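One structure is given below, encoded as structure tokens.
A short reminder: the numbers here are calculations on the coordinates, not readings from a lab. Computed from a predicted structure; not experimentally measured. FYI the Cβ positions are ideal-geometry reconstructions off the backbone, even for glycines, and counts take in every protein chain you see.
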Amino acid sequence: MQWNDLSPAWKICWSEAWEACRLGCVPVGALILDAEGREISRGRNRIGVDAPAGQIGHSDLAHAEMNALVQVDRRRVNTHACTLYTLLEPCPLCMGAIYMTGIRTIAYAARDTFAGSINLLGATPYLSRKKIRVIEPFSQVMEAAVTALNTARHLAAGFSPVDYADLYAAWQELTPAGYRAGLELYREGTLAHWQAESQPANEVYESLLNLLDDQARQMTR
């Protein structure tokens, strides 16, 4: 699925995620649309960096979904009719916040079998009361690209494969191609180069797709 094939919502999520990554944060971006497809808010991971007024920065709570959610004024927005799009399956923090704010549809582009917490829905009587519609990943290629970017960024941030073996093992099992691509991005210095050059989000995405294609061809030789 090429860049031009992505819907505007996913282009925004990817662009927000890349901007977060470019600034040294976890590459996750989120977007909230109303029932008519109009943008309500968007957010990106801002752990360790500044945030504009009305968002969260320099906090472990500064996840992409949180920064999209805290901008929503429920006096003016019917959250029951909104959809939250996020590049990576929401973690426990974000799942709880999504549930509490009344969002009734969640769409995510890549699973996360380490921290992803869609499975919390229905886990308690309270989390069973609201009927949440979940739109699961729509493209294996997109999922691999998201995994690659997250793998490379976590390695660059010092998340050791020894100390965080369970994290990397989960991503490797989920999408081996994405994990291999992430290793290459980090080891070859490609991610650092993209960050230093402020590579445009669409070019980063297309480059990742090319890398995944190259690796697939090598595996079949």
remark   = Extension length gain for residue 129 and residue 202 (0.36 nm per residue less Cα distance), in nm, is 22.3 nm
ask   = Within region 73-99, whose backbone N sits under 17 Å from a point 7 Å along Cα→Cβ of residue 60?
value = 91-97
query = With each run of n ≥ 4 DSSP H residues scored as -39500 (n - 2.57), what mean residue ellipticity at 222 nm is computed for the chain after dividing by its residue count and rounding to the nearest 500 deg cm²/dmol?
reply = -13500 deg cm²/dmol
key: DSSP-defined beta bridges in the chain - what % are antiparallel, rounded to 5   = 55 percent
remark   = At the level of C-alpha centres, the distance separating region 141-219 and region 58-99, in angstrom, is 25 Å
ask   = Taking the chain as a Gaussian network, where each spring joins two C-alpha atoms under 10 Å apart, which residue of 41, 128, 198 fluctuates the most?
value = 128
inquiry  = Give me P(r) over the chain, computed from all C-alpha to C-alpha distances, binned every 5 Å, as integer percentages.
reply    = 1, 7, 15, 19, 20, 17, 11, 6, 3, 1, 0, 0
request  = Using amide H atoms built 1.01 Å from N in the peptide plane, name the residues 5+ places from residue 29, or on other chains, whose amide H lies under 5 Å from its own.
outcome  = 17, 87, 88
remark   = Rounded to 0.05, the calculated FRET efficiency for the beta carbons of residue 162 and residue 213 at R₀ = 30 Å is 0.45
